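A short write-up of the structure that comes next.
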Amino acid sequence: MTTTGKPRVFSGIQPSGELHIGNWLGAVRTWATQVAEQNEELIFCIVDAHAITTEYDPAELRARIDGMARDLIACGLDPAKCTLFVQSDVREHTELAGYLANVTPLGDLHRMTQFKEKSAGKEHVLVGLFTYPVLMAADILLYKATVVPVGDDQLQHLELARETVRRFNYRFGEIFPEPQPRVSQASRILGLDGQGKMSKSKGNTIALFEEHEAFWNKLRGAFTDPQRMRRSDPGRPEICNIYTMHKALSSPEQVTLTHEECTTAKRGCVDCKKILMESFDRELVPLRLKRAELDAQPELVKQALGDGAEKARRIATETMREVRAAMGLGGK
Ligand code: AMP
Ligand code: TRP
């Protein structure tokens, strides 16, 4: 239990260079709601050590971390109301990952679909990519988080983290609680090309802070129901990405109407997207203003990340003291 008596929530996001509408709808937007509600103790981490598992440019990574911090604060992760920090600023993450590697069977990591996808057909695969889920388990366990809000692509990693808790506790005593996943309603936003999930690495995204015109041009071209060849063909909302986004963003009345007008071919896809664009604008206009303000205050963001790391470190230090003692490590 936390000192505040509130459940502790932890989640992480990679500094991939751009927050897109997929990870916003699937994750960050719900985190912001939780921050506004203040019913839980919330810890959010920019997981830079997870972003070095494939070739990258150090200067670029640095810039992406700062950019992601601004994006997240602009989206409502107010550093005064949650703990927002950069993973590598708290060394205990990699320390715990090193120890947890010794309760993690090789076979479990071989089964991870994300590893299989990212390593498929590649000759040059790094150990860090393979052990990625161990570091992710360490992130969560370090804070003894009980709730982990993520998109559905991370559920397998979370199951491994739960398994790690069971194995660790069985061998060394009850130190960690089992973290539960919390999946948002829009847990899987497809890419603009309709080919699998929206993801920066697939180049099928709309960046959240893209200019209005560019945003609309991309949304207008987005894949919908392939059966709707002509305007008069009825559509299938349940398989349409645009409808998934309506459900997350538009009013309940609009969602019902969208379903009806799509299935009866009363509304065409472009009109449907125009209405969705209005729903996006309603939420994004204030976020864009906030983002522009933050661009002008780099010191403020730096300070916030420094304070966040300090808050996180306080918890991490305490957990590692317990872990070392339980494992029989360390002499002093
Ligand atoms: P990442 O940007 O991959 O670090 O993911 C950050 C968070 O966004 C994680 O909780 C992911 O599960 C979630 N996420 C990423 N891409 C999508 C998507 N296309 N749809 C829904 N959620 C997503
Ligand atoms: N692997 C997650 C992703 O790519 C990011 C992440 C790292 C994470 N550590 C975490 C998410 C801990 C939740 C909890 O989306």
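The values are calculated or read from the model by the stated rules, or taken from the named source; none is laboratory data. Note that the structure is a prediction, hence the values are computed from the model and not measured. Because the Cβ atoms are built from the backbone with ideal geometry, glycine has one as well, and the counts that use them run over all protein chains shown. When the accessible area is computed, the model is the full protein with side chains, heavy atoms only, and any ligands, DNA or RNA have been set aside. Shrake-Rupley method; radii C 1.70, N 1.55, O 1.52, S 1.80 Å.
Only a single item in (1) outside any loop (DSSP other than H, G, I, E, B); (2) surrounded by fewer than 19 Cβ atoms within 10 Å (Cβ to Cβ) is not met by R291, and it is number (2).
At least 1 residues being hydroxyl-bearing (S, T, Y) is the threshold, and among the helices (runs of 4 or more DSSP H) wholly inside the stretch 38-136 those reaching it are 92-100, 113-119. Only one of the numbered conditions (1) of a type outside the set (A, V, I, L, M, F, W, C); (2) farther than 23 Å from G151 by Cβ; (3) open to solvent by less than 80 Å² (accessible area, probe 1.4 Å) is not met by R313, and that is (3).
Say we look at the stretch 77-99 and pick out the residues that are of a type outside the set (A, V, I, L, M, F, W, C), more than 15 Å from ligand 2 (Cβ to nearest atom) and without any contact (Cβ under 8 Å) to a residue 60 or more places away in the chain; which of these is nearest to L129 (Cα to Cα)? Looking at residues that are of a type outside the set (A, V, I, L, M, F, W, C), more than 15 Å from ligand 2 (Cβ to nearest atom) and without any contact (Cβ under 8 Å) to a residue 60 or more places away in the chain, I get G98.
Would it be correct to say that D78 is under 18 Å from V301 (Cβ atoms) and surrounded by fewer than 22 Cβ atoms within 10 Å (Cβ to Cβ)? Considered against the rule, which asks whether it is under 18 Å from V301 (Cβ atoms) and surrounded by fewer than 22 Cβ atoms within 10 Å (Cβ to Cβ), D78 comes out as yes. Is it true that some residue in the stretch 200-208 is of a type in the set (G, A, S), within 14 Å of ligand 2 (Cβ to nearest atom), under 21 Å from the mean Cα position of the chain (by Cα) and at pLDDT 95 or above? No, the stretch 200-208 contains no residue that is of a type in the set (G, A, S), within 14 Å of ligand 2 (Cβ to nearest atom), under 21 Å from the mean Cα position of the chain (by Cα) and at pLDDT 95 or above. Going by what's in this entry, would D89 be described as open to solvent by 50 Å² or more (accessible area, probe 1.4 Å), within 22 Å of M68 (Cα to Cα) and not polar (S, T, N, Q)? Considered against the rule, which asks whether it is open to solvent by 50 Å² or more (accessible area, probe 1.4 Å), within 22 Å of M68 (Cα to Cα) and not polar (S, T, N, Q), D89 comes out as yes. Taking the stretch 1-19 as the region of interest, how many residues are within 10 Å of ligand 1 (Cβ to nearest atom) and either open to solvent by less than 10 Å² (accessible area, probe 1.4 Å) or within 15 Å of I73 (Cβ to Cβ) (or both)? Total satisfying the criteria: 4. Of the candidates R70, R91, the single residue that is within 23 Å of A296 (Cβ to Cβ) and out of contact with any strand residue (DSSP E or B) (no Cβ under 8 Å at 6 or more places or on another chain) is R70. If you go through the stretch 36-51 and keep only what is open to solvent by 60 Å² or more (accessible area, probe 1.4 Å) and free of Cβ contacts under 8 Å to residues at least 40 places away in the same chain, you end up with E37, N39. Please verify whether T164 is within 15 Å of ligand 2 (Cβ to nearest atom) and open to solvent by 10 Å² or more (accessible area, probe 1.4 Å), treating the condition exactly as stated. Judged against the criteria, T164 is not a match. Give the residues of the stretch 150-172 that are under 18 Å from K116 (Cβ atoms) and among the hydrophobic types (A, V, I, L, M, F, W, C), sorted by residue number. Of everything in the stretch 150-172, those that are under 18 Å from K116 (Cβ atoms) and among the hydrophobic types (A, V, I, L, M, F, W, C) turn out to be L155, L158, L160.
Taken over the stretch 52-75, the criterion of being β-branched (V, I, T) and either closer than 17 Å to G128 by Cβ or open to solvent by 50 Å² or more (accessible area, probe 1.4 Å) (or both) is satisfied by I52, T53, T54.
For I242, the conditions (1) at pLDDT below 95; (2) out of contact with any Asp or Glu (no Cβ under 8 Å at 6 or more places or on another chain) all hold with the exception of (1).
Selection of the stretch 178-229 for residues being surrounded by 19 or more Cβ atoms within 10 Å (Cβ to Cβ) and away from ligand 1 (no atom under 14 Å from the Cβ) yields F209, E210, F215, L219, T224, D225. The number of residues in the stretch 92-136 being of a type in the set (S, T, Y), open to solvent by less than 70 Å² (accessible area, probe 1.4 Å) and under 21 Å from E178 (Cα atoms) comes to 4.
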